[in-house]
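Notes to accompany the following structure.
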Amino acid sequence: MNITDKVIENHGLKKDEYKNIQKLLKRDPNFLELGIFSAMWNEHCSYKSSRKHLKKLPTKGKQVIQGPGENAGVVDIGDDDAIIFKIESHNHPSYIEPYQGAATGVGGILRDVFTMGARPIALLNSIHFGTPAHPKTKSLLNGVVSGIGGYGNCIGIPTVAGETKFSETYNENILVNAMAVGHAKKNKIFYSKAKGVNKAVVYVGSKTGRDGIHGASMASAEFDESSEEKKPTVQVGDPFTEKLLLEACLELMKDESIIAIQDMGAAGLTSSSVEMASKGSLGIELDLEKVPCREENMTPYEMMLSESQERMLIILEDNKEEYARKIFKKWDLDFVVIGKTTDTKNLVLKFNDEIKGEIPIEALSSKAPVYDRKWIRKKLPKKEIDIKKLKKISLEEGLIKILSSPNYSNKDWVTSQYDQMVMCDTLLKSGSDAAIIRIHNKDKAIAVSVDSSANYCNSHPITGGKQIVCENWRNLISVGAKPLAITNCLNFGNPENEKIMGEFAECLEGIKEACEYLNYPVVSGNVSFYNGTNKKNIFPTPVIGGVGLINNLNTYLSHHLKEEKNNLILIGKTFGHLGQSCFLKENYSISEGRPPEVNLLNEKNNGETVLNLINKNLIRSAHDVSSGGLITSLSEMAMSAKLGLKISKPRKLRNPTEYFFGEDQSRYILEVKNENLDKVQKYLKNNNIFYEIIGSTQKKYFEIEGEMKLDINDLCKINNQWYNNY
């Protein structure tokens, strides 16, 4: 095929990028080589617009075994145990084909984890949709939830936590972010760095089809009216085959056979082979006629760019082929030696004894474009919200409006479609601040949570970036876990737009600052740009997935209230900040003002103090205060246990609306028994923690002195009604 300007454009390459390819090759590329450059130089694989900023993130710590750069991040949890985890996006495919897009997103992130030697123990997700009234939302929601549940349930991994949100900013570009967490032994972690020359390169798993071709390139482009035509680029998943692949790989990993292993994810065979060779400073030669294909007459171009699922590439030690072949044959999977490592530092592609392509590995990896795109800063909004000018509504009216809204309604309709208890190690499932998964047969567990806050990030990206890290930190603290590390999925619009690039750069500044201060490093992640349609970009939506450690199963907590007549303590100062609040959005359709200030000193001090109180067994339940403010968090604690609350008026005369709905940060609600109250107060004072005793638990009613009195059963009905009626 002649390579015209249109062909270059269709491959997602700029004219100057094509000229750079010509310089690197010292000739024109052929069509196969053009496709490979297209795959490796797109935003999804090369991080060409984000790499400069990602380098600023803190990635190291005593607990970190492996940071960014591998299939997933790895942290040490003691006793020779390691946790391997990562989050990735599958936004574009899920918008085009919601079931398969979401399902293969789950399959892909699972492979990232078990390719490193971990048995997956938990799945999480962060899914964002347009407004419920939008004509596409219902089918997209149903398809995505079914896809997540269908894949995870079939493969037998519990989906334990997540978030489902709705906003007009996602009307034409939904977000589907999937996170996987696995457990491995520290001495049995596998990497993707190729080593040695003339080592066998082995293809294992499913056969290659034409599904997913140019999937990575599609994920690096904005949508328009023709997005429906891109359905052929959506992969098709088979969870039952993935289960076989998982077990076969883990069985082979018990031996010393594997030099390197890499899943075939975005850009398929191209990215897996190039990444392995690049990390090992080697070359790789593939005989493409040996690739197992499920469709007839597949070309080298199609084989190299297919994103068919459930496939791995393995480099084996000498004389291990037959041993490995028997394992994969037992699990009824393809096992074919399709090539070898070389010392040429080139990717050489043969088909029927003819060389069809030859590219220097560094041209596809280290010499891929890196852009320092122009960006502009976003000023902190000056406008503050004066609620005195708004129509006055009661605390009861405001709370009911929030609890009956799509974003704050009970999400059981979603989570009930996920098997949360399979494997029998789920101690605390979705609906809490964080889920808790026991390390099998041990007296310790991990806590996991995912969080995002697009409205804060849109208003002021630096503050929003800090806040979402802190929110995730608080969620782990609230269940009694010591936060260890995060993975992030950075969902943004078009990076060629200076405003969007500014949102990205500043969000990362905020994330960096918070992670450094809290000793909460970033060990893995994903960047998803070009989330928009017809030049309309989504709000900046960084998603943070956090992992924490619970060393003693006797100390973990939930936010469920435990019994009557216990004290309720509010940790942290309440200033009544309503800018960008859920209260204004749900009651007045106002999305204005600046986000609440994030004080990292208070965040760290308050969090560590609360964690110490939990470890001393002085707390009965705990919950962080976030979106919706104090009154919403109290409601969640009450509804989860069907217990009531009696809350006093604030000691200092304040506007009740600001006090109860304000979204000030660094705050927790603690339930404390009378016998422990003096000990808790003394500890808080000794650690210079601001606190207020705000009330107590009681039967049946959520009562705020002089303001409202609601039956908890009625509150639960209100909280359930939106999903039941949708």
**Request:** Take the alpha-carbon centre of region 639-690, take the same for region 512-551, and report the distance between them in whole Å.
**Result:** 30
**Request:** Would you work out the charge dipole size for region 1-132 about its Cα centre, treating the Cβ of every Lys and Arg as +1 and the Cβ of every Asp and Glu as -1, and quote it to the nearest 20 debye?
**Result:** 660
**Request:** Filter the trypsin sites (Lys or Arg not before Pro) in region 390-444 to those in DSSP coil with at most 11 other Cβ atoms within 10 Å of their Cβ, and list the result.
**Result:** K391, K392
**Prompt:** Say each of L427 and E608 gets a label point 7 Å from the Cα, pointing the same way as Cα to Cβ; how far apart are those two points in nm?
**Reply:** 2.4
**Fill in**
With a 1.4 angstrom probe the carbon and sulfur portion of accessible area for region 419-525, in percent, totals 47
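For the chain, what is the accessible area per residue in Å², given a 1.4 Å probe and the full set of protein chains?
Working: 27660 Å² over 726 residues.
About 38 Å² of surface per residue is accessible.
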**Message:** Rounded to the nearest 10 Å², what accessible area does L643 have for a 1.4 Å probe in the complete protein model?
**Reply:** 20
**Prompt:** If you take the charge dipole of region 421-571 about its Cα centre, with +1 on Lys and Arg Cβ and -1 on Asp and Glu Cβ, which of G548, N497, Y456 is farthest toward its positive end?
**Reply:** G548
**Asked** Among (i) 3, 15, 25, 26, 17, 9, 4, 1, 0; (ii) 3, 12, 17, 18, 16, 12, 8, 6, 4, 2, 1, 1, 0; (iii) 3, 13, 22, 22, 16, 11, 7, 4, 2, 0, 0, which one is P(r) over Cα pairs in 10 Å bins from 0, in percent computed from these coordinates?
**Response** (i)
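Using only helices, what value at 222 nm comes out for the chain when you add -39,500 (n - 2.57) per DSSP H run of length 4 or more and divide by the total residues, to the nearest 500 deg cm²/dmol?
Values: 25 runs with 255 residues, N = 726.
One gets -10500 deg cm²/dmol as the mean residue ellipticity at 222 nm.
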**Request:** Keeping the other protein chains in place, figure out the carbon and sulfur percent of the accessible area of region 268-336, with a 1.4 Å probe.
**Result:** 42
**Prompt:** Going through region 596-664, which trypsin sites (Lys or Arg not before Pro) have at most 13 other Cβ atoms within 10 Å and a DSSP loop state?
**Reply:** K616, R651, K652
**Fill in**
Once phi for every residue in region 108-125 is put through the Karplus expression 6.51 cos²θ - 1.76 cosθ + 1.60 (θ = phi - 60°), the whole-Hz ³J(HN,Hα) values, with Gly and Pro written as x, are x, 6, 5, 5, 4, 7, 7, 5, 9, x, 9, 7, x, 10, 7, 10, 9, 8
**Asked** Are there trypsin sites (Lys or Arg not before Pro) in region 255-344 that DSSP marks as loop and that have at most 16 other Cβ atoms within 10 Å, and which are they?
**Response** R294
**Message:** Just to confirm my numbers, what's the Cα centroid distance between region 152-210 and region 419-441 in Å?
**Reply:** 19
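If I compute solvent accessible area with a 1.4 Å probe over the protein chains, what percent of it on region 527-570 is carbon and sulfur?
Here it works out to 47 percent.
The values are calculated or read from the model by the stated rules, or taken from the named source; none is laboratory data. Note that the structure is predicted; figures quoted are calculated from it, not measured. Here the Cβ is made from the backbone with ideal geometry for all residues, glycine too, and neighbour counts use every protein chain on show. Only protein heavy atoms, including side chains, enter the accessible area calculation; ligands, DNA and RNA are left aside. Shrake-Rupley method; radii C 1.70, N 1.55, O 1.52, S 1.80 Å.
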